[in-house]
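Trainee: I have a structure here, written as structure tokens, and I will follow up with some questions on it.
The values are calculated or read from the model by the stated rules, or taken from the named source; none is laboratory data. Values in this document were obtained by computation on a predicted structure and should not be read as measured data. Virtual Cβ from ideal backbone geometry, glycine too; neighbours counted across all protein chains shown. Ligands, DNA and RNA are stripped out before the accessible areas are found, and what is left, the full protein with its side chains, is counted by its heavy atoms. Shrake-Rupley method; radii C 1.70, N 1.55, O 1.52, S 1.80 Å.
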Amino acid sequence: MREIQVSTVTDTVARLCVQACTVLPEDVKTRIYDSRKTEPWSTAQDILDVIIENFETNGPIPLCQDTGMACVFLELGQEVHITGGSLYDAVNVGVAKGYTDGLLRKSVVGDPLRRVNTNDNTPAMIYTDIVPGDRLTITVAPKGFGSENMSRIAMLKPADGIDGIKKFVLETVENAGPNACPPLTVGVGIGGTFDKAALLAKKALIRDMDAHHPDPFYAQLETELLDNINRLGIGPQGLGGKTTALWLSIETMATHIAGLPCAVNINCHSTRHAKEVL
Amino acid sequence: MAISVTLPMTKEATTSLRAGDSVLLSGTIYTARDAAHQRLHEMMQAGETLPFDLDGASIYYVGPSPAQPGMAVGSAGPTTSSRCDKYTPDMLDAGLRVMLGKGKRSDAVKQAVVRNSAVYLAATGGAGAMLARCIKDAEIVAFPEFGTEAVRKLTIENFPAVVILDIHGGDYYETARQSYLKTAES
Ligand code: SF4
């Protein structure tokens, strides 16, 4: 068994929170630069220039004031022994430290209806996968709610098929319009159960923007859906243009003979995530 | 060319703005988002005096991140305005004149904009670090217990925005997209 101290987890999570909120990942930057080159609409070009200047010059200031809920993905090797305390407590202490010391915004209320701010952005939304090996991979993906609010799930039926999926994805993006700070990134989860589809959609958002779905059938669907979205004309900030979305990823899994769950998790151009392997 | 606009704005000044105009805002604007709107609206209904005079006032839908040393605020881009739509028509009828945020508004808000000679502007969502540089001063004037959602009095300088809803019923989200789609088709 390889031992990992909870204090290492805490420090790593804290560092990743700050990094994710202040440094846009290279794959996202590349997509934005590429879109700027091919965008024909002048208003859209100007907005993309502002977005580029924002991530090139923000320094230690968060890219966006909505530094989100801290979504923390743990891939825990089954040969890892966590020592010194609770793993989840360590993650939450890390989030509190990162958001406090890093001057990130505290955007979490402790109860959904009584709504009092917890003042340290905890609790984190923690997603754990047990995997082979002796490493712990931590990904922090702060999720803003301007875009989260525009996400949707549909329990489609088998007869709805691929056309039903296409229709639902496009409707969701249309409905998001300017609210989710386009250009968007779109995560689509197909299959599983009601909850698993939503999780797949969220996981699709942290996938590298160069990596298509390994199955060519879904890789092709990713390309087709992105093309269709970019024909809607919504454009950056909803003021027209070709660049409505930067990227779309699909994650899939087995499902029931009676169902075709489809979840669409909308993210903005501030698609932030940072990863470290311990 | 962007039009320089001084806040607070007079009714005459809003009359000359058209959906699609680029503006640079300078002057005083108050921050208020979900929690502050709910509270302000409750105070209005109870006939209480608001923490700032709504008549002719400007509101920015924003919850800034904490200020870096030497800055008035941290990152401070717009949040989605429509979450305040439930309260906005009443506030416009009470004198609110300028709203700054992002995203679509309800029909009730659009009608109240026209009725009251108000204006709705959008700033670039997600460009909070850059926009923060246009904010020179920030002072909490109400509800400090709301944290980022407290009402702050901001002094801004050449803050870039675009007119979305004007007093003539124009909606730039609709017209901008339509014009683009026309050129894309041809
Ligand atoms: S949708 Fe994204 S870019 Fe827009 S305000 Fe929220 S986190 Fe920021």
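Trainee: Given the peptides A:173-185, B:157-169, B:25-37, arrange them by the average over their residues of other C-beta atoms within 10 Å, most packed first. Mind dumping the intermediate values first?
Mentor: Numbers: A:173-185: 24.4, B:157-169: 19.9, B:25-37: 21.8.
The most tightly packed comes first, giving A:173-185, B:25-37, B:157-169.
Trainee: Roughly how many Å² is the accessible area per residue of region B:3-185, as a whole number, for a 1.4 Å probe? Please report the intermediate quantities before stating the final value.
Mentor: On the way: 7030 Å² over 183 residues.
For region B:3-185, the solvent-accessible area averages 38 Å² per residue.
Trainee: Taking every DSSP beta bridge that has both residues in the protein assembly as shown, what percent is antiparallel when rounded to the nearest 5? The partial results should precede the final answer.
Mentor: Working: 42 of 76 bridges.
About 55 percent, rounded to the nearest 5.
Trainee: Also, quick follow-up: As a test, work out the antiparallel percent of DSSP beta bridges whose residues both lie in region B:3-185, rounded to the nearest 5. Each step should come with its number before you reach the end.
Mentor: Values: 18 of 33 bridges.
Given both bridge residues lie in region B:3-185, the antiparallel proportion sits at roughly 55 percent.
Trainee: What pairs in A:LYS29/B:LYS86; B:LYS86/B:LYS153; A:LYS37/B:LYS102 have C-alpha atoms more than 28 Å from each other? Show your work: numbers first, answer last.
Mentor: On the way: A:LYS29/B:LYS86 37 Å; B:LYS86/B:LYS153 23 Å; A:LYS37/B:LYS102 25 Å.
Table pairs above 28 Å Cα-Cα are A:LYS29/B:LYS86.
Trainee: Lysines near A:LYS106 by alpha-carbon distance under 19 Å, same-chain residues fewer than 8 away left out - which ones?
Mentor: A:LYS97, A:LYS143
Trainee: How much of B:SER22 can a 1.4 Å solvent probe reach, expressed as accessible area in Å² and rounded to 10?
Mentor: Ignoring ligands and nucleic acids, B:SER22 comes out at about 60 Å².
Trainee: For peptide B:72-81, compute the average count of partner chain beta-carbon atoms within 10 Å of each residue's beta-carbon. Walk me through the intermediate numbers first.
Mentor: Numbers: counts 0, 2, 8, 14, 5, 9, 4, 8, 11, 2.
The mean count of partner-chain Cβ atoms within 10 Å per residue comes to 6.
Trainee: On a C-alpha basis, how far is the centre of region A:84-147 from the centre of region B:108-184 in Å? Whole number, if you could?
Mentor: Their Cα centres are 30 Å away from one another.
Trainee: A further question follows. Report the extension gain between A:ASP89 and A:ASP120 in nm, rounded to one decimal, defined as 0.36 nm multiplied by the number of residues separating them, less their alpha carbon distance. List each step's numbers first, then the result.
Mentor: Values: separation 31, 0.36 × 31 = 11.16 nm, distance 1.35 nm.
Extending this stretch completely gives an extra 9.8 nm.
Trainee: Please work through the protein assembly as shown and write down the cysteines that have no neighbouring cysteine Cβ at a distance under 4.7 Å.
Mentor: A:CYS17, A:CYS21, A:CYS64, A:CYS71, A:CYS262, B:CYS84, B:CYS134
Trainee: Out of B:ILE29, A:LEU225, A:GLY110, whose Cα points farthest toward the positive end of the dipole of the protein assembly as shown (charges: +1 Lys, Arg; -1 Asp, Glu; placed on Cβ)?
Mentor: Ranked along the dipole, the leading option is B:ILE29.
Trainee: If you stretched the chain out fully between B:VAL141 and B:ILE3, how much longer would it get, using 0.36 nm times the residue separation minus the C-alpha to C-alpha distance?
Mentor: Details: separation 138, 0.36 × 138 = 49.68 nm, distance 2.91 nm.
Residue separation times 0.36 nm, minus the Cα-Cα distance, leaves 46.8 nm.
Trainee: Sticking with this one: Just from its helices, what would the mean residue ellipticity at 222 nm be for the protein assembly as shown, if runs of 4 or more DSSP H residues each count -39500 (n - 2.57) and the sum is divided by every residue, rounded to the nearest 500 deg cm²/dmol?
Mentor: Working: 14 runs with 158 residues, N = 464.
The per-residue figure over the protein assembly as shown is -10500 deg cm²/dmol.
Trainee: Multiply the residue separation of A:ASP129 and A:ASP215 by 0.36 nm, subtract the distance between their alpha-carbon atoms, and state the gained length in nm to one decimal. Display every interim value, and only then the final one.
Mentor: Numbers: separation 86, 0.36 × 86 = 30.96 nm, distance 2.19 nm.
In short, 28.8 nm is gained.
Trainee: Given contacts defined as C-alpha pairs under 8 Å and at least six residues apart, what's the relative contact order of region B:3-185, whole-number percent? Show your work: numbers first, answer last.
Mentor: Details: 423 pairs, mean separation 54.2, N = 183.
After rounding, I find 30 percent.
Trainee: Between region A:149-223 and region B:19-64, how many Å separate their Cα centres?
Mentor: 36
Trainee: Which whole-number value in Å³ per residue fits the convex hull of the alpha carbons of the protein assembly as shown?
Mentor: 149
Trainee: Could I ask something else about it? Per-residue Cβ counts within 10 Å, from other chains only, averaged over B:114-126: what number is that? All intermediate terms of the calculation are to be shown ahead of the outcome.
Mentor: Numbers: counts 0, 0, 0, 0, 0, 0, 0, 0, 4, 2, 9, 19, 22.
Counting Cβ atoms of other protein chains within 10 Å of each residue's Cβ and averaging gives 4.
Trainee: Then there is this: Normalised by the residues of chain A, what does the relative contact order come to in percent, with Cα pairs under 8 Å and at least six apart? Could you put the intermediate results ahead of the total?
Mentor: On the way: 614 pairs, mean separation 74.9, N = 278.
Relative contact order of chain A: 27 percent.
Trainee: Turning to a different aspect of this structure: What does the charge count near A:ASP163 come to, summing +1 for each Lys or Arg and -1 for each Asp or Glu among other residues with Cβ under 13 Å from its Cβ? Could the numbers behind the result be given before it?
Mentor: Numbers: positive: A:LYS157, A:LYS166, A:LYS167; negative: A:ASP160, A:GLU171, A:GLU224.
Around A:ASP163, the charge tally is 0.
Trainee: Once you list every other residue whose beta carbon is under 15 Å from the beta carbon of B:THR49, what net charge do they have if Lys and Arg are +1 and Asp and Glu are -1?
Mentor: On the way: positive: B:ARG39; negative: B:GLU42, B:GLU48, B:ASP53, B:ASP55.
For residues surrounding B:THR49, the net value is -3.
Trainee: Taking all protein chains as present, what is the carbon and sulfur share of the accessible area of region A:146-272, in % to the nearest whole number, probe 1.4 Å?
Mentor: Values: 2760 of 4630 Å².
Here it works out to 60 percent.
Trainee: Here is a further query. Using a 10 Å cut-off on Cβ to Cβ distances, tally the other chain neighbours for every residue of A:56-63 and report the average as a whole number.
Mentor: Working: counts 2, 3, 6, 2, 4, 13, 11, 7.
Rounded to a whole number, the mean comes out at 6.
Trainee: For chain A, restrict the atom set to alpha-carbon positions and state the Rg and Dmax in Å.
Mentor: Considering chain A through its Cα atoms, Rg and Dmax are 19.0, 58 Å.
Trainee: Can I ask one more? I need the Kirkwood Rh of region B:75-186: take the reciprocal of the average 1/r across all distinct C-alpha pairs and report it in angstrom. Show your work: numbers first, answer last.
Mentor: On the way: mean 1/r = 0.0649 Å⁻¹.
It works out to 15.4 Å.
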